[in-house]
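A.B. asks: The structure's right below; bear with me while I get my questions together.
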Amino acid sequence: MNGQEEWHNSPIGVFDSGVGGLTVAREIMRQLPNERIVYFGDTARVPYGNKSKETVTRYSGQIVRFLETQQVKAIVVACNTASAYALEDLEKESDIPMIGVVKPGARAALATTANKKIGVVGTEATISSGIYSRYIEEHDADVSVVGKACPLFVPLVEEGLWEDPVTDEIARRYLTELIDSGIDTLILGCTHYPMLRSTVGKIMGEGVTLVNPAYETARELKALLSERGLESEHRPGLGTELYRFFVSDAADKFQRFANSILPYGILSAKVIRIDEY
Ligand code: DGL
């Protein structure tokens, strides 16, 4: 482990059920360019969005234990489903500061809504956990929240159909009831959905502001690191690996997706046995 002096130069651990959390890693790269990142994508066990709380919590615990071996100074639970189901338990088990994507997204939506009607789209697990509604309604009892699970969005994004007539049609079916409910703010409560931003924005219309939890999470991570004196002082020099990627399966496929959305090409992703942690 690093000495206390260098601890702030340690990497940030970011994890997700697969490739989706790269939308969060991308925001961290943009907003915190000095920070090193160790990313883990659970590509062997994705999706999490249709699994039980117990399973998602067990998987997430293994990932946190793996990230601990990488001497990370903070952990970002980039997956909405894992943030909804597992974050509370993970925080009890580890001393490493952690941040999920749900609260930052919910706080931004609260700050955005004028008519106090917020919509949230996410996986079946995230929506049925009720976590966004609970958090928002606890902070402002006058706000109402309408949730809608959009399970087909994840495979559409992974197939690269970000702007496509098929995606338009499916999005229209999912989103009609949110339009009818009169929301003025919509949380994109799943890692993959920022990739559908323009499709969703077009269907919801100009009167609805889209909130991207990935962006908000990177902002809050910055504040957390600064409060705790954990900000890296300077960008690591040439020859130091700034970003490292680990997956539980199919590294090539992961690399291809990563290279289609990240600002830097990734050289490799290493496969590890996550069930051994
Ligand atoms: N990463 C998940 C989320 O944000 C979406 C993919 C999955 O279901 O695992 O909820």
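Here, each number is a calculation from the coordinates, and none is a lab measurement. This structure is a prediction, so every number in the text was calculated from the model and none was measured. Don't worry about glycine lacking a Cβ; one is built from the backbone with ideal geometry, like all the others, and counts go over all protein chains shown.
A.B. asks: Please enumerate, by chain and number, the lysines with C-alpha under 20 Å from the C-alpha of residue 270, excluding those fewer than 8 residues away in the same chain.
C.D. replies: Hits, sequence-local ones excluded: 253.
A.B. asks: Projecting each Cα onto the charge dipole of the range 159-277 (Lys/Arg +1, Asp/Glu -1 at the beta carbon, about the Cα centre), which of 194, 165, 182 comes out farthest on the positive side?
C.D. replies: Comparing the listed Cα positions along the dipole, 194 ranks first.
A.B. asks: How far is helix 102-112 tilted, in degrees, relative to the longest principal axis of the Cα atoms in the chain, given as a value from 0 to 90 rounded to the nearest 10?
C.D. replies: Rounded to the nearest ten degrees, it is 50.
A.B. asks: Sticking with this one: Each residue of the range 45-61 in turn: what ³J(HN,Hα) in whole Hz from Karplus with 6.51, -1.76, 1.60 and θ = phi - 60°, glycine and Pro shown as x?
C.D. replies: 10, 5, x, 8, x, 10, 9, 7, 4, 4, 5, 4, 5, 5, 4, 5, x
A.B. asks: Would you check the range 62-130 for Lys pairs whose C-alpha atoms are within less than 21 Å, ignoring same-chain pairs closer than 8 in sequence, and give me the count?
C.D. replies: Final tally of qualifying lysine pairs is 5.
A.B. asks: For the range 1-88, what is the charge dipole size about the Cα centre, in debye to the nearest 20, if Lys and Arg each add +1 at the Cβ and Asp and Glu each add -1 at the Cβ?
C.D. replies: In total the dipole reaches around 260 debye.
A.B. asks: Would you mind checking which residues have amide H under 5 Å from residue 247's amide H? H placed 1.01 Å from N; only 5 or more apart, or other chain.
C.D. replies: Residues meeting the criterion, in which the H sits 1.01 Å from N, are 41, 270, 271, 272.
A.B. asks: If you place +1 on the Cβ of every Lys and Arg and -1 on the Cβ of every Asp and Glu, how big does the dipole about the Cα centre of the range 38-196 come out, in debye to the nearest 20?
C.D. replies: So the dipole magnitude of the range 38-196 works out to roughly 260 debye.
A.B. asks: For the residue pair residue 270 and residue 52, what label-to-label distance in nm results when each label sits 7 Å from Cα along the Cα-to-beta-carbon direction?
C.D. replies: Distance between the two pseudo-spin positions: 3.4 nm.
A.B. asks: Between residue 31 and residue 95, what length comes free when the chain is fully extended (0.36 nm per residue of separation minus the Cα-Cα distance, one decimal in nm)?
C.D. replies: Between residue 31 and residue 95, full extension yields 20.6 nm more.
A.B. asks: Which whole number in µm²/s is D for the range 184-265 by Stokes-Einstein, with the Kirkwood Rh taken over Cα pairs at 4 °C and 1.567 mPa s?
C.D. replies: The estimated diffusion coefficient comes to 81 µm²/s.
A.B. asks: Under a 10 Å cutoff between Cα atoms, tell me which one of 49, 119, 265 has the largest fluctuation in the Gaussian network model of the chain.
C.D. replies: 265
A.B. asks: Among 64-71, 183-190, how do they line up by average Cβ neighbours within 10 Å per residue, starting with the highest?
C.D. replies: 183-190, 64-71
A.B. asks: Only residues of the range 19-38 count here: report those whose backbone N is under 17 Å from the spot 7 Å along Cα→Cβ of residue 226, or say none.
C.D. replies: Only 28-35 fall inside the zone, counting backbone N under 17 Å.
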